[in-house]
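Contents: one structure, followed by commentary.
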Amino acid sequence: MDKARALCAMDAAMMREFSARTIRQLESHALFRLLLPVFRSFLEINLRKEIEKDRAAILRAAATRQAGGAPGPADVEALLQQAREVDQRFLREAAVFPVNIRIEYHELEPFRRRRAEMLLAAAHALFTRWETVPRFRAAVAAQYPRAEFEKLLHEIMRLYAAETRALSRSVRIPSLFSIARDSVSDTVYSVMTGVAGELAVELTRRVYRHVAEPRPG
């Protein structure tokens, strides 16, 4: 499981960097200068939740590979159930905020499901490749053309942004302020997707910097 722990650590580092860059970008928006201390706390709690969910997906992919199988729909359903349990801890931590949060699963779960499917498939494929090459970067390059890996990272982060927007709209506030809430969540989503694109390019560059990609055919 050393490789699984290593991949979990890499995922957590990516997500923490993603969150930190998002917060720095939000600091330039006047609307967030007053909200940022509270919103930073909200994002940090949400980030811990997401890293825990990612870890569960990576470990499940490693376990299925070790057993000689491949992840399937049952694994995705199990991860979604685990995620709901993680949500309950998130709601307890978020109880310090002066709002009521009721998670609307019909809105956020499609993003969550797709992200779990992608993480399971990608982690399983990388563990398989990693058995025949000594280094993670070589395993990535053997599995994915550079542009495809960049797209994968971007989409994994974009789906997290989409789930975060759906979650922020689960905050129950007086209808008078719902337009402002939706404006905030849309701004956060826009910033997060921009950061996701930039970070995906940068991380891909780091991975492929010293690795020769296999030639097609």
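The values are calculated or read from the model by the stated rules, or taken from the named source; none is laboratory data. These numbers come from a predicted model, not from an experiment. Cβ sites come from the backbone with ideal geometry, for glycine too, and all protein chains shown count toward neighbours. Please note that ligands, DNA and RNA were not included when accessible areas were found on the heavy atoms of the full protein model with its side chains. Shrake-Rupley method; radii C 1.70, N 1.55, O 1.52, S 1.80 Å.
May I ask you to derive the FRET efficiency for HIS29 and LEU80 from their Cβ-Cβ distance with R0 = 45 Å, giving the value to the nearest 0.05?
My answer for the efficiency is 0.85.
Sort 136-142, 55-61 by the packing proxy (mean of other Cβ within 10 Å over each peptide's residues), most packed first.
Averaged packing, sorted descending, gives the order 55-61, 136-142.
Amide H of ILE101: which non-local residues (sequence gap of 5 or more, or other chain) have their own amide H closer than 5 Å, using H built in the peptide plane?
Here ARG172 satisfy the definition.
Net charge near ALA62, counting Lys/Arg +1 and Asp/Glu -1 over other residues with Cβ under 11 Å of its Cβ?
With Lys, Arg at +1 and Asp, Glu at -1, the neighbours total +4.
Bin width 5 Å, origin at 0, all Cα-Cα pairs of the stretch 3-208: what percent of pairs per bin?
Using 5 Å bins, I get a P(r) of 1, 7, 15, 19, 20, 15, 10, 7, 4, 2, 0, 0 for the stretch 3-208.
Can you send over the solvent-accessible area of HIS106, 1.4 Å probe, protein chains only, in Å² to the nearest 10?
Accessible area of HIS106: about 130 Å².
As an exercise, use a Förster radius of 25 Å and the Cβ-Cβ distance of VAL133 and ALA9 to find the FRET efficiency, rounded to the nearest 0.05.
0.85
Want the number for HIS106 to ARG89: 0.36 nm per residue separation, take away the alpha-carbon distance, what's left?
Full extension of this stretch gives 4.2 nm more.
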